[in-house]
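**Q** I have a structure I would like to understand better, so I am pasting it below and will then ask my questions one at a time.
Read-outs: derived from the displayed coordinates by stated rules, not from any lab. What you are looking at is a predicted structure, and each value in this text was computed from that prediction instead of being measured. Reconstructed Cβ throughout: ideal geometry from the backbone, glycine too, with neighbour counts over all protein chains shown.
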Amino acid sequence: MRYQSHKIALNFYTAAVLLFLVQVAVGIIAALQFIWPDFFILNFNTIRTLHINALVVWLLLGMMGATYYVVTEESETELWSIPLAQFQFWATVLAVGAVVVGYIVMGLNPQANMEVFGTRLLNEGREYIEAPRWADILIVVSVLLFLFNSLMTVLKTKKFTAVQGVLLGGLTFLALMYIPGMFYTKSMVKDQFWWWWVVHLWVEGSWELIAAALLAFMLHKLLGADVKVLAKWMYIETGLVLFTGILGLGHHYYWIGTPEYWLWVGGIFSSLEPIPLLVMVWDAFRTTRETRGVVQNKVGLYYTVAHAIFNFVGAGLWGVVHTIPQVNKWTHGTQITTAHGHLAFYGAYVLLILSMMYVTLPLIRGAKDFNQSRGYQAFWWMTISMVFIVITITGAGMVQAYLERLLGLDYVTVKADYNLWFWIFRAIFGVGFLIGAAIIVKDYFTIGKEKAAAVSGAAERA
Amino acid sequence: MSTNAAKNLFIYGSLLCFIVLVVLTIDTMGKLDQRAPEITEKVDAGKKVWHKYDCIGCHTILGNGSYFAPDMTKTTERKPKTYLIKFLIDPRSIKPDSAMPKLGITEKEADDLIEFLVWISKVDTNGWPPKPILAVAATSRAASPGQMIFQKYDCSACHQIQGLGGAAGPELTHAGSKQPDAEWHVRHLKDPASTVKNSAMPDFAHLSNEELNALAEYLVTLK
Ligand code: HEM
Ligand code: HEM
Ligand SMILES: [Fe+2]
């Protein structure tokens, strides 16, 4: 370990992979509830809340771990304050734990979700940002401490690299964009208007900046590619992300009670959103082709390139097919959205964090050589399962849009009769995904800890 | 392009986009009130109940949310308040196979919720959800007088015949086999609650006798 600070990064990674496992296991329960609504003691809404909150939180934890690593590497120094980082880690874990307990209590007894000072005690009842106001404040404090610590680290040696700039810029944008979700509005229209600022400007704004920065960082680490060239393309990518993504927000303002001009704004700008994602794919391939060094960490590169590809496919392609108003009018709020949500989050962010782990873990643990076969195995279990989940749910979405929206059949009939087999297949593929995720966790705890002999033995067998 | 030029383009271009977004947001905020009815205290109370029980964890509203349960934007347009209140308080007491659990909603909360749902149904959503354009073809087959009355009073909001229609009440494809007595149907339509214990079906006592008879005639033909 070059820096003591990297231990902190590991703490964050550990919490992240464990939550990942929880998220996926809970996803399978949610999938089964589509078939048997009373399958579990907690109702679907609580299970779904746990699923998507665990997802967002473990991705954020992964980003924080990755950032602590990147900042120390790029600034070539220890973190400004290791104890502060440690405190921030444990405070975050504690707050997240309290929120989860709150969700479960509320799930068992909805009356416990009392009103306190004009806000809800346990669950705010808004998708993705269900965390109650007191938790929002703790989250903001945690993110601010984290940003402060990172920033002070950069100021220690004043090595203002492009990667650090965009990474911390993206994280600051992320923190700011949490605020529009933190006040109550009497109008459901305004409620959703500001809610989308948070959700959309996160995944199609700030998080993509973070992805572009980490992509450049990983390509440099893995391939030793020229920093200048990487930086230039990173700026082009992030520029295009924001030129298309900020006003692309309009694709959520077609039907929620907002004026008609959003149909034009959203339709035009969001249709262009796949372009920067395609540039990232090209960037990954070009850099790999042009740098001819021997790649040690092949599995790391594998995940990195796969992230770029599935970011484009999941967010770009599965997003653009339903983004113009003429199509979205029929698909809005159907399972098509779920299909896109899964492939986009998986490709863009799950694979991003997993790549960062595969790239940095061997370096942190000082493992020159490690058994890479498990990483590939996990990748294929997860990716094939996810692709089939998405195909299945896209099918369910097409059936739903046709029968319900075009023919006027009842929602409940379509869900319970026509789409039943899609739900069954999704649950089965979900188990495949869980196997992949379990292999990841196993690998995470093994890399760099296996005895050298065991590693080479496994490598010979592979 | 040099790295620096790319950087400047990124920073200033993004700022410009963000400013445009802020301007559009301000304009939108100014226009929202004309696109929706006034928000009374009851509507606001209903919205709070909506959040309290995390309805969005199963339902969509304005098309956003979870995809486990039907969209709530236009619910009140086709279903009467009396039915919805009974359903909200205890879904399975009136629809035994309902996938919605009993959440502990009180009568007052249900009342506020309905007020909120009525408000949302009147928001100008640029024509969403769209009318099912292919449905016309499926329903406009030559209709008997009873069938026409069935359509006129939108019985299919709650009842299915041959796969078409809502699922709030029992399927009526074989209503005539189940209850072949036309008299019973007239009585039931006039006052469901006194005919079937705990019925949540709205009464159709305001229909003329001819209409009721025609409807009953039609129902008993459904075998
Ligand atoms: C980069 C990552 C992206 C992620 C993680 C992502 C994720 C999601 C999620 C989770 C939803 C559903 C939100 C909900 O639950 O209500 C959604 C909706 C949507 N996304 Fe994305 N998205 C991404 C990028 C894109 C892009 C690039 C496009 C378009 C080109 C796009 C188009 C849409 C549209 C049109 C909807 C609304 C669907 C509806 O009307 O129901 N997304 N996205
Ligand atoms: C890393 C992998 C996964 C990611 C990134 C992910 C992400 C998400 C997201 C963003 C949502 C909410 C948005 C939406 O419905 O569009 C969601 C909902 C859901 N997920 Fe996942 N998920 C993953 C794995 C799974 C697995 C393995 C299953 C089980 C088969 C699953 C089952 C579900 C179900 C049933 C819902 C509710 C969808 C609905 O409301 O219709 N997820 N997931
Ligand atoms: Fe979006």
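**Q** Using a simple spin-label model with points 7 Å from Cα along the Cα→Cβ vector, what separation in nm is obtained for residue A:7 and residue A:84?
**A** A separation of 1.9 nm, rounded to one decimal place.
**Q** Helix A:452-461: angle to the longest alpha-carbon principal axis of chain A, degrees 0 to 90, nearest 10?
**A** With rounding to tens, the tilt is 60 degrees.
**Q** Going by average Cβ neighbours within 10 Å, how do the peptides A:159-168, A:361-370 rank, with the highest at the top?
**A** On the way: A:159-168: 20.1, A:361-370: 17.2.
Highest to lowest by the protection proxy: A:159-168, A:361-370.
**Q** Same structure again: Select from B:27, B:111, B:97 the residue whose mean-square fluctuation is largest in a Gaussian network model of chain B (Cα-Cα springs shorter than 10 Å).
**A** B:27
**Q** Averaged over its residues, how many other protein chain Cβ atoms are within 10 Å of peptide B:24-37's Cβ atoms?
**A** Mean partner-chain Cβ count within 10 Å for B:24-37: 4.
**Q** What order do you get for A:283-290, A:232-239 when each peptide is scored by the mean count of other beta carbon atoms within 10 Å, highest first? List each step's numbers first, then the result.
**A** On the way: A:283-290: 16.9, A:232-239: 25.0.
Sorting A:283-290, A:232-239 by mean packing, highest first, produces A:232-239, A:283-290.
**Q** Does segment B:41-121 classify as rounded, prolate or oblate by the C-alpha gyration tensor (a ≥ b ≥ c root eigenvalues; a/c under 1.5 gives rounded; else a/b over b/c gives prolate, otherwise oblate)? Mind showing how you got there, number by number?
**A** On the way: a/c = 1.33, a/b = 1.10, b/c = 1.20.
It comes out rounded by the Cα gyration axes.
**Q** Would you mind computing, in nm to one decimal, how far apart the modelled labels at residue A:111 and residue A:296 are, each placed 7 Å from Cα along Cα→Cβ?
**A** So the two model labels end up 6.2 nm from each other.
**Q** Mind jotting down the distance between the C-alpha centroids of segment B:99-117 and segment B:205-223, whole Å?
**A** 32 Å
**Q** Further question on the same structure: Quick one: go through segment A:180-201 and flag any residue whose amide nitrogen is under 14 Å from the point 7 Å out along the Cα-to-Cβ line of residue A:137.
**A** The answer is A:182-183, whose backbone nitrogens lie closer than 14 Å to the label point.
**Q** Let me ask something else. Take the Cα of residue A:155, step 7 Å along the line toward its Cβ, and report every residue of segment A:75-110 whose backbone nitrogen sits under 18 Å from that point.
**A** A:75-85
**Q** While we're looking at this one, here's another question. Could you work out how far helix A:188-201 tilts from the main Cα principal axis of chain A, as a 0 to 90 degree angle to the nearest 10?
**A** 20 degrees
**Q** What angle, in degrees between 0 and 90 and rounded to the nearest 10, separates the Cα long axis of helix A:133-157 from the longest principal axis of the Cα atoms of chain A?
**A** Rounded to the nearest ten degrees, it is 30.
**Q** Which of rounded, prolate or oblate describes segment A:1-159 when judged by the alpha-carbon gyration tensor and an a/c cut-off of 1.5?
**A** Details: a/c = 3.38, a/b = 1.91, b/c = 1.77.
Taking the square roots of the gyration eigenvalues as a ≥ b ≥ c, segment A:1-159 is prolate.
**Q** Rounded, prolate or oblate: pick one for chain A, where a ≥ b ≥ c are the square roots of the eigenvalues of its C-alpha gyration tensor, a/c under 1.5 means rounded, and failing that, prolate if a/b is larger than b/c, else oblate.
**A** Details: a/c = 1.40, a/b = 1.35, b/c = 1.04.
Because its axes are fairly even, with a/c under 1.5, chain A counts as rounded.
**Q** In whole angstrom, note down how far apart the Cα centers of segment B:26-83 and segment A:292-347 are.
**A** Centre-to-centre distance over Cα atoms comes out at 31 Å.
**Q** Please give every one of the lysines within straight-line cross-link reach of residue A:415, meaning a C-alpha to C-alpha distance under 17 Å, and leave out same-chain neighbours fewer than 8 residues apart.
**A** B:95
**Q** What's the FRET efficiency of residue A:260 with residue B:38 using the Cβ-Cβ distance as r and R₀ = 22 Å, to the nearest 0.05? The partial results should precede the final answer.
**A** Numbers: r = 22 Å, r/R0 = 0.99.
Between residue A:260 and residue B:38 the formula returns 0.50.
**Q** Also: Straight distance only, please: which lysines reach the Cα of residue A:159 with their own Cα at less than 21 Å, same-chain residues fewer than 8 apart left out?
**A** Straight-line reach from residue A:159, under 21 Å: A:221, A:228, A:232, B:7.
**Q** I need to check one value: relative contact order of chain A, counting alpha carbon pairs closer than 8 Å and at least 6 residues apart, in percent. Could the numbers behind the result be given before it?
**A** On the way: 645 pairs, mean separation 68.2, N = 462.
Taking the mean separation of contacting Cα pairs over the length of chain A, I get 15 percent.
**Q** While we're here: Quick one: if you stick a label point 7 Å off each Cα along the C-beta vector at residue A:391 and residue B:97, how many nm between them?
**A** Label at residue A:391, label at residue B:97, 3.1 nm between them.
**Q** As a quick test, which of the pairs A:298/A:442; B:131/B:178; A:7/A:368; B:42/B:79 have an alpha carbon distance above 27 angstrom in this structure?
**A** Long pairs (Cα-Cα over 27 Å): B:131/B:178.
**Q** Quantify how strongly other chains surround peptide A:35-48 by giving the mean number of their Cβ atoms within 10 Å of each of its Cβ atoms. The partial results should precede the final answer.
**A** Working: counts 0, 1, 8, 2, 0, 0, 0, 0, 8, 8, 13, 3, 2, 8.
For peptide A:35-48, the averaged partner shielding equals 4.
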